[in-house]
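Before any comments, here is the structure.
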2 protein chains.
Amino acid sequence: MEQPPIGDVFGEMIRDAYAVRTGVGPRPLAGGRVPRPVIEVIERDDGLINGAPADHYLGEPAEWQPHDHRALRLCRGHVLDVGTGAGRTAIELQRRGMAVTGLDTSPGAIDVARRRGLRDTVLNTVDAFAGASVRYDTFLLLGNNLGLLEGPSRAPALLAALARLANPGARIIAQGTDPYGTTDPVHVAYHQRNRERGRLGGQLRLRLRYRRLATEWFDYLNCSAEELEMLLQGTPWRLKAIDDEDRPYYLAVMELAG
Amino acid sequence: MEQPPIGDVFGEMIRDAYAVRTGVGPRPLAGGRVPRPVIEVIERDDGLINGAPADHYLGEPAEWQPHDHRALRLCRGHVLDVGTGAGRTAIELQRRGMAVTGLDTSPGAIDVARRRGLRDTVLNTVDAFAGASVRYDTFLLLGNNLGLLEGPSRAPALLAALARLANPGARIIAQGTDPYGTTDPVHVAYHQRNRERGRLGGQLRLRLRYRRLATEWFDYLNCSAEELEMLLQGTPWRLKAIDDEDRPYYLAVMELAG
């Protein structure tokens with residue numbers, strides 16, 4: 001098989017999902033006529049492949065999971081939505097009159113977020129954006145974006161970059177997934193293999209694929225609350241609360257120390 | 001990435017889709033708790049990847065596409081449903097009192113078809129089953145299974161095997177897809193590349209993946225009615241009718257010559 005070229009997988013997928021949801025613009029068709037579902041394909045480095053409909057990235061508040069609503073109630077002050085995607089939650093905060101910036105590394109996602117009405121967007125990494133002079137009171141990492149911590153080697157740098165962007169008393173509100181509730185042998189074996197390699201059990205090695213594009217392989221972290229607390233040691237952030245009402249999903253609230 | 005092991009991709013997927021639809025038996029969960037959608041992942045040899053929800057393989061008649069209903073009205077006598085899958089159409093023919101055999105090469109699919117009530121099943125290839133002494137009046141290739149003709153080198157052998165299983169006057173009712181209505185540059189380039197390699201434009205080279213399993217790479221044919229007529233030359237079968245009311249999908253009716 002030809003190796004798929006590296007590109008803006010997430011953005012191309014979100015553009016198509018937006019075209020399907022709105023009925024506006026070109027979208028994938030079977031045989032030039034029949035709309036195809038827009039499916040996110042996620043490969044893991046053990047050969048596991050999963051597909052999931054992409055439409056939830058565009059979900060209106062009535063379609064959200066309960067913890068998304070609880071997360072928004074925890075926002076205060078100036079909000080940076082990290083990995084804003086199609087702007088799902090940032091647009092709702094904006095609608096409520098809050099000051100919110102949507103940051104993403106995907107040009108296609110930022111394009112869709114702007115077309116949906118999100119006014120303040122940043123196409124950048126957190127690390128590069130941390131050189132800016134703007135400061136925030138809340139950092140929102142929803143849609144499982146606690147995973148952006150990647151693992152023990154990346155987490156301190158990301159958390160330091162967020163601290164550089166933080167006003168005193170700032171919070172991170174992040175949604176994570178505890179991967180250890182499973183008895184599925186495929187996942188149990190993967191966690192074990194990771195630990196044998198000195199990684200956290202849920203330190204996933206993934207790439208996304210959509211149509212002819214792929215991302216590079218990247219780490220994405222599913223961790224327990226205990227593992228998160230360990231990752232925060234030596235960083236400017238302290239774990240203040242865990243809301244695990246929607247297990248295996250949880251909301252972690254972290255506050256700037258001192 | 002580890003290469004995924006070869007296995008009964010379709011069967012494992014159908015078992016999971018059946019567990020999700022019925023609520024009975026183990027099914028894939030996120031974090032051990034939240035049901036995951038069952039998605040069929042199809043890779044093409046140009047790196048294209050597509051996902052599609054698998055639930056349609058279990059669709060009740062009210063959920064079918066219109067051409068499926070028209071296909072069943074064309075059945076007569078003893079019916080062999082080739083690539084019966086979860087038995088979607090064979091079970092409906094059986095319910096109508098017709099004599100129908102469901103054939104598939106997937107043990108998992110045959111298992112689900114039997115659990116759903118299909119009485120007469122064959123776990124075999126058409127070629128090996130053609131040594132049996134049973135004879136049929138109708139061969140049904142629905143769910144795009146005209147694609148099983150693969151291309152010019154495979155089609156004569158499959159058509160000869162069906163002829164060995166045929167009573168005089170037998171018919172093939174096959175659903176195909178005309179791939180040439182598209183203007184999508186990804187598909188137009190693929191058709192062109194195929195032709196440059198001496199293949200039919202829509203002679204797809206595919207593999208299926210589901211969770212940790214993959215199939216071998218195989219050919220699967222999307223062809224126009226004109227190409228089908230060409231493939232039938234020199235075989236015992238003649239094209240009698242094309243119903244292309246649901247373009248790009250069509251039903252082809254073929255009859256045994258002489």
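Tabulated data for the structure shown
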read-out: Shielding of A:46-59 by partner chains, average beta-carbon count, 10 Å; value: 5
read-out: ³J(HN,Hα) computed for each position of segment B:183-196 - Karplus, 6.51 cos²θ - 1.76 cosθ + 1.60, integer Hz, glycine/proline x; value: 10, 4, x, 4, 7, 4, 5, 5, 4, 5, 4, 4, 4, 5
read-out: Counting DSSP beta bridges with both ends in segment B:9-256, the antiparallel % (nearest 5); value: 65
read-out: B:Arg135 paired with B:Gln3, simple spin-label distance in nm, labels 7 Å along Cα-to-beta-carbon; value: 4.6
read-out: Spacing of the two label points (7 Å from each Cα toward its C-beta) at A:Phe218 and A:His56, in nm; value: 1.8
read-out: Whole-Å distance, taken between Cα centres, linking segment A:70-124 and segment B:150-175; value: 57
read-out: Simple spin-label estimate for B:Glu63 and B:Asp244 in nanometres, 7 Å along Cα-Cβ; value: 3.0
read-out: Other copies of A:Asn167: label-to-label distances in nm, shortest first, labels 7 Å along the beta-carbon direction; value: 8.2
read-out: Rounded, prolate or oblate (a/c below 1.5 giving rounded, otherwise prolate when a/b exceeds b/c) for the protein assembly as shown by Cα gyration tensor; value: prolate
read-out: Overall form of segment B:65-181 per C-alpha gyration tensor (a/c, 1.5; a/b vs b/c); value: rounded
read-out: Other-copy label distances relative to B:Gly258, 7 angstrom Cα-Cβ extension, nm; value: 9.3
read-out: Rotation relating B and A, chain A residue nearest the axis via C-beta, angstrom; value: A:Gly51, 2
read-out: A:Ala128-B:Asp127 FRET efficiency (beta carbon distance; Förster radius 41 Å; 0.05 resolution); value: 0.10
read-out: Computed over segment B:1-105: relative contact order in percent, which uses C-alpha pairs under 8 Å that are six or more apart; value: 18
read-out: Peptide A:184-190 - average C-beta neighbours from other chains (10 Å radius); value: 3
read-out: Calculated FRET value between A:Ala157 and B:Gln192, using beta carbons and R₀ = 51 Å, to 0.05; value: 0.65
read-out: A:Arg164-B:Thr183 FRET efficiency (beta carbon distance; Förster radius 35 Å; 0.05 resolution); value: 0.15
read-out: Gaussian network model of chain B, Cα within-10 Å springs - most flexible of B:Leu29, B:Leu141, B:Leu228; value: B:Leu29
read-out: Label spacing, shortest first and in nm, from A:Met98 to its equivalents in the remaining copies (7 angstrom along Cα→Cβ); value: 5.8
read-out: Shielding score for A:27-39, defined as the mean number of other chain Cβ atoms within 10 Å; value: 6
read-out: Residue range of chain A that is longest and free of trypsin sites (Lys or Arg not before Pro) which are both DSSP loop and sparsely packed (at most 10 other C-beta within 10 Å); value: A:97-196
read-out: Rounded if a/c under 1.5, otherwise prolate or oblate - segment A:150-232, Cα gyration tensor axes; value: oblate
read-out: Within a Gaussian network of chain B (alpha carbon springs, distance under 10 Å), most fluctuating of B:Ala71, B:Ala174, B:Ala157; value: B:Ala157
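A short reminder: the numbers here are calculations on the coordinates, not readings from a lab. The structure presented is a predicted model; accordingly, all values stated were derived computationally and were not measured. Every residue, glycine among them, receives a Cβ derived from its backbone with ideal geometry; neighbour counts consider all protein chains shown.
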